[in-house]
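Working notes for the structure below.
The values are calculated or read from the model by the stated rules, or taken from the named source; none is laboratory data. Computed from a predicted structure; not experimentally measured. Cβ atoms come from the backbone with ideal geometry, glycine included; neighbour counts cover every protein chain shown. Heavy atoms of the whole protein, side chains included, go into the accessibility calculation; ligands, DNA and RNA do not. Shrake-Rupley method; radii C 1.70, N 1.55, O 1.52, S 1.80 Å.
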Amino acid sequence: MKISARNIVKGKVKKLIHGAVNSEVTIQLAGGAELVSIITKQSAKSLKLARGKTVYAIIKASNVMVGVD
(Lines give C-alpha, C1' and ligand atoms only; values in the text may rest on other atoms or scores of the structure.)
Protein backbone atom coordinates (compact mmCIF):
# COMPACT_ATOMS: atom_id res chain seq x y z
CA MET A 1 0.00 0.00 0.00
CA LYS A 2 1.34 3.43 -0.93
CA ILE A 3 -0.44 6.51 0.33
CA SER A 4 0.37 10.20 0.74
CA ALA A 5 -0.71 10.46 4.39
CA ARG A 6 2.20 10.58 6.83
CA ASN A 7 0.35 9.49 9.93
CA ILE A 8 -0.27 5.75 9.57
CA VAL A 9 -0.70 3.54 12.63
CA LYS A 10 -0.98 -0.25 12.53
CA GLY A 11 -3.34 -2.07 14.87
CA LYS A 12 -6.03 -4.73 15.19
CA VAL A 13 -9.79 -4.39 15.16
CA LYS A 14 -10.88 -4.71 18.79
CA LYS A 15 -14.57 -3.91 18.36
CA LEU A 16 -16.89 -3.37 15.41
CA ILE A 17 -20.41 -2.00 15.80
CA HIS A 18 -22.60 -1.76 12.71
CA GLY A 19 -25.42 0.76 12.56
CA ALA A 20 -27.97 1.32 9.82
CA VAL A 21 -25.57 3.44 7.74
CA ASN A 22 -22.24 3.69 9.59
CA SER A 23 -19.91 1.36 11.46
CA GLU A 24 -17.85 2.23 14.54
CA VAL A 25 -14.42 0.61 14.41
CA THR A 26 -12.23 0.44 17.54
CA ILE A 27 -8.58 -0.23 16.69
CA GLN A 28 -6.19 -1.41 19.39
CA LEU A 29 -2.63 -0.19 18.86
CA ALA A 30 0.61 -1.70 20.11
CA GLY A 31 0.95 -0.75 23.76
CA GLY A 32 -2.82 -0.86 24.35
CA ALA A 33 -3.94 2.58 23.16
CA GLU A 34 -7.14 2.66 21.10
CA LEU A 35 -8.41 4.71 18.17
CA VAL A 36 -12.06 4.85 17.18
CA SER A 37 -13.23 5.64 13.66
CA ILE A 38 -16.68 5.99 12.14
CA ILE A 39 -16.81 4.73 8.54
CA THR A 40 -19.67 3.78 6.27
CA LYS A 41 -21.13 0.32 6.75
CA GLN A 42 -20.44 -0.36 3.06
CA SER A 43 -16.73 0.48 3.56
CA ALA A 44 -16.53 -1.88 6.55
CA LYS A 45 -18.03 -4.65 4.42
CA SER A 46 -15.73 -3.90 1.45
CA LEU A 47 -12.68 -4.06 3.75
CA LYS A 48 -14.04 -7.29 5.29
CA LEU A 49 -13.43 -5.89 8.76
CA ALA A 50 -13.70 -8.33 11.64
CA ARG A 51 -12.48 -8.54 15.22
CA GLY A 52 -8.76 -9.38 15.29
CA LYS A 53 -8.05 -8.29 11.70
CA THR A 54 -4.88 -6.24 11.22
CA VAL A 55 -5.70 -2.76 9.90
CA TYR A 56 -4.10 0.65 9.48
CA ALA A 57 -5.48 3.89 10.90
CA ILE A 58 -4.60 6.53 8.31
CA ILE A 59 -4.88 10.06 9.67
CA LYS A 60 -5.05 12.83 7.08
CA ALA A 61 -6.20 16.09 8.60
CA SER A 62 -5.48 19.75 8.11
CA ASN A 63 -6.12 20.42 11.80
CA VAL A 64 -4.94 18.54 14.87
CA MET A 65 -5.96 19.78 18.29
CA VAL A 66 -3.49 19.64 21.19
CA GLY A 67 -4.53 19.82 24.84
CA VAL A 68 -2.88 19.81 28.25
CA ASP A 69 -4.02 19.20 31.82
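Name the strands (runs of 3 or more DSSP E) wholly inside the chain in which the number of residues that are in contact (Cβ under 8 Å) with a residue 40 or more places away in the chain is 3 or more.
Output list reads 7-18, 54-59.
Going through segment 16-26 one residue at a time, which ones are open to solvent by 60 Å² or more (accessible area, probe 1.4 Å) and among the β-branched types (Val, Ile, Thr)? Step through it out loud before you land on a result.
Residues of segment 16-26 that are open to solvent by 60 Å² or more (accessible area, probe 1.4 Å), as a first pass: 17-18, 20-22, 24.
Those that are open to solvent by 60 Å² or more (accessible area, probe 1.4 Å) and among the β-branched types (Val, Ile, Thr): Ile17, Val21.
Quick grid of which residues meet (1) under 23 Å from Ala61 (Cα atoms); (2) in contact with a Gly (Cβ under 8 Å, 6 or more places away or on another chain):
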residue: Val13; (1), (2): yes, yes
residue: Ile17; (1), (2): no, no
residue: Ser23; (1), (2): yes, no
residue: Thr26; (1), (2): yes, no
residue: Leu29; (1), (2): yes, yes
residue: Gly32; (1), (2): no, no
residue: Leu35; (1), (2): yes, yes
residue: Gln42; (1), (2): yes, no
residue: Lys48; (1), (2): no, no
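Please determine, by comparing only the residues of segment 32-63 that are in contact with a Lys or Arg (Cβ under 9 Å, 6 or more places away or on another chain) and among the aliphatic types (A, V, I, L, M), which one is farthest from Ile3 (Cα to Cα).
Quick first cut of segment 32-63, residues in contact with a Lys or Arg (Cβ under 9 Å, 6 or more places away or on another chain) only: 34, 36, 47, 51-57, 59-60.
Next, from what is left, pick out any that are among the aliphatic types (A, V, I, L, M): 36, 47, 55, 57, 59.
Details: Val36: 21, Leu47: 17, Val55: 14, Ala57: 12, Ile59: 11 Å.
Selected residue: Val36.
Conditions (1) within 12 Å of the chain's Cα centre (by Cα); (2) modelled with pLDDT under 95; (3) surrounded by 10 or more Cβ atoms within 10 Å (Cβ to Cβ), marked per residue:
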site: Gln28; (1), (2), (3): yes, no, yes
site: Gly32; (1), (2), (3): no, no, no
site: Leu35; (1), (2), (3): yes, yes, yes
site: Lys48; (1), (2), (3): no, no, no
site: Ile59; (1), (2), (3): yes, yes, yes
site: Val64; (1), (2), (3): no, yes, no
site: Asp69; (1), (2), (3): no, yes, no
